[in-house]
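These notes are about the structure you will find just below.
The values are calculated or read from the model by the stated rules, or taken from the named source; none is laboratory data. Fair warning: this is a prediction, and the values are worked out from it, not measured in the lab. So basically every Cβ, Gly included, is an ideal-geometry build from the backbone, and we count neighbours across all protein chains shown.
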Amino acid sequence: MAQEFAYPDTAAKTAAADHEEFQPEKMSLSMGPSHPSTHGVLRLQLELDGEVVTKAEPVIGYLHRGDEKIAENMTYNQFVPYTDRLDYLAPLANNMAYAIAVEKLAKLEVPPRCQAIRVITAELARISSHLLGLGAFGIDTGAWTVFMYTFEEREKLYRLFEELTGARFTTSYTRIGGVARDVPEGWTDRVNAFCDQFLPILDEILALLTRNKIFMDRTAGVGVISKEDAIAYGLTGPNLRGSGVPLDLRKDCPYSGYEQYEFDVPVGANGDSYDRYLVRGEEMKQAVRIVKQAIKTLPGGAWYAEDARRIFAPPKDKILTSMEELIQNFMLVTEGPQMPAGEVYFEAENPKGALGFYVVSKGGGVPWRLKIRAPSFCNLSILPKVCVGTMVSDVVAILGSLDFVMGECDR
């Protein structure tokens, strides 16, 4: 009888097959793109082992508008309203970052009053953005009352924005070389009044969550991002500072006169979702502090650069009465402000993080290339790492703590 031959690894293969037979089957689940907990049209392709996430892949592009390519076919002034649609929760801050980038290209210095007005509007936009992020984060973790409080305060801010810019949402207020118009009479007093009544309400809002047992269970120790990972993945803004990195462009690379104001940069200790919440809460208090200082020291003078006539449209009354001003306005509208050849990069500390504009010019009224460094895009890059090993319900809390907006992510 012939001896039966067995391959050496047959026993190992049989054992492996038996082992795989008893392994649970993993499930693939799409969270989004139209899911109430994804803060916009983000899709997360999850791989689940029961309730535990074993793989998380963000799928973006559902809101893509092609802003960067559009910029190549528009004059520098015409692109200002498109910046509103990036982080559409803080359009005043987006306008400011873009305008400063182009002003650096044109080697243009705006007057102190304009800088102070920009700081006031940017910090009010930071408060507005953080309020929405906090309210949505509260809903994600089951706290409905917080949402009602935060949106009431945002409504007060929107009234101030409308009084200043004529629009509530897409403001298009900042201009290259200045702002669209000076602040109306009494507006700064109303901003001061808002700040005075807002601080006690903010304390009340934060008191609903800071020592709330359910909220702490949902966020403390969840979505931990180490200091090293936060830097390696390019996180900026509150998400980076929540991991203990005290980087704030307003302090480290001051612009628009931020070096004149006293404020603190809050940082987290553990890098979890709870720390990111605490950082944003404190940032709103510091934003109020900056606004009150800027209003107190608001200088007089022009609200646009006097030597920006080659960029800034003349006043309407002069256009209607002066041939030279009419011709200048016609050239600005048809050909755009004439910029020198060169390239420049500028990034500002926006509510979501560092918003950067890289502008390449070959001369003329239209940029040859414009690249936007969107903080939400970079902040989302860490999702595949931070979500693995968490529960499905924790993914919702992590998304809320990152506080991204898809308008600037997809661009």
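Couple of notes before you dig in:
- Count of segment 295-326 residues which are without any contact (Cβ under 8 Å) to a residue 24 or more places away in the chain and closer than 15 Å to ILE176 by Cβ: 2
- Each residue in segment 32-59 was checked for being in contact with a strand residue (DSSP E or B) (Cβ under 8 Å, 6 or more places away or on another chain), assigned to a loop (DSSP other than H, G, I, E, B) and either exposed (fewer than 14 other Cβ atoms within 10 Å of the Cβ) or touching a residue at least 60 places away in the same chain (Cβ under 8 Å) (or both), and 4 of them qualify.
- Whichever residue in segment 320-360 is surrounded by fewer than 17 Cβ atoms within 10 Å (Cβ to Cβ) and more than 24 Å from GLU72 (Cα to Cα) and, among such residues, is modelled with the lowest pLDDT: GLU324
- Residue match in segment 163-170 (condition: within 22 Å of LEU202 (Cβ to Cβ), among the basic types (Lys, Arg), in contact with a helix residue (DSSP H, G or I) (Cβ under 9 Å, 6 or more places away or on another chain) and at pLDDT below 90): yes
- Taken as a whole, the structure places LEU164 among residues that are more than 21 Å from the chain's Cα centre (by Cα) and either more than 28 Å from MET391 (Cβ to Cβ) or basic (Lys, Arg) (or both).
- Condition check for GLU155: modelled with pLDDT of 90 or more, farther than 28 Å from GLY301 by Cβ and part of a helix (DSSP H, G or I): yes
- Under the condition of being surrounded by fewer than 21 Cβ atoms within 10 Å (Cβ to Cβ) and either over 12 Å from the mean Cα position of the chain (by Cα) or of a type in the set (D, E, K, R) (or both), the residues counted in segment 373-392 number 9.
- Beta carbons closer than 6 Å, at least 6 apart along the sequence or on distinct chains, pair a first residue in segment 271-282 that is over 16 Å from LEU235 (Cβ atoms) with a second that is buried (at least 24 other Cβ atoms within 10 Å of the Cβ) for TYR274/THR219.
- Scanning segment 207-252 for residues that are of a type outside the set (A, V, I, L, M), in contact with a strand residue (DSSP E or B) (Cβ under 9 Å, 6 or more places away or on another chain) and within 26 Å of THR150 (Cα to Cα) returns THR236, GLY237, PRO238, ASN239, ASP248, ARG250.
- Which numbered condition ALA125 misses (of (1) buried (at least 24 other Cβ atoms within 10 Å of the Cβ); (2) aliphatic (A, V, I, L, M); (3) more than 13 Å from the chain's Cα centre (by Cα)): (3)
- For segment 128-173, the set of residues classified as hydroxyl-bearing (Ser, Thr, Tyr) and either closer than 19 Å to ARG118 by Cα or buried (at least 22 other Cβ atoms within 10 Å of the Cβ) (or both) consists of SER128, SER129, THR141, THR150, TYR158, THR165, THR170, THR171, SER172, TYR173, listed by residue number.
- Filter result for VAL395 (crowded, with 16+ Cβ neighbours inside 10 Å and out of contact with any helix residue (DSSP H, G or I) (no Cβ under 8 Å at 6 or more places or on another chain)): yes
- Of all residues in segment 294-316, those that are of a type outside the set (Val, Ile, Thr), surrounded by fewer than 18 Cβ atoms within 10 Å (Cβ to Cβ) and modelled with pLDDT of 80 or more total 6.
- Answer residue from segment 267-305, given it is hydroxyl-bearing (Ser, Thr, Tyr) and assigned to a helix (DSSP H, G or I) and is nearest to ASP229 (Cα to Cα) among those: SER273
- Of all the listed residues (ASP189, ASP182), the sole one being among the acidic types (Asp, Glu) and at pLDDT below 90 is ASP182.
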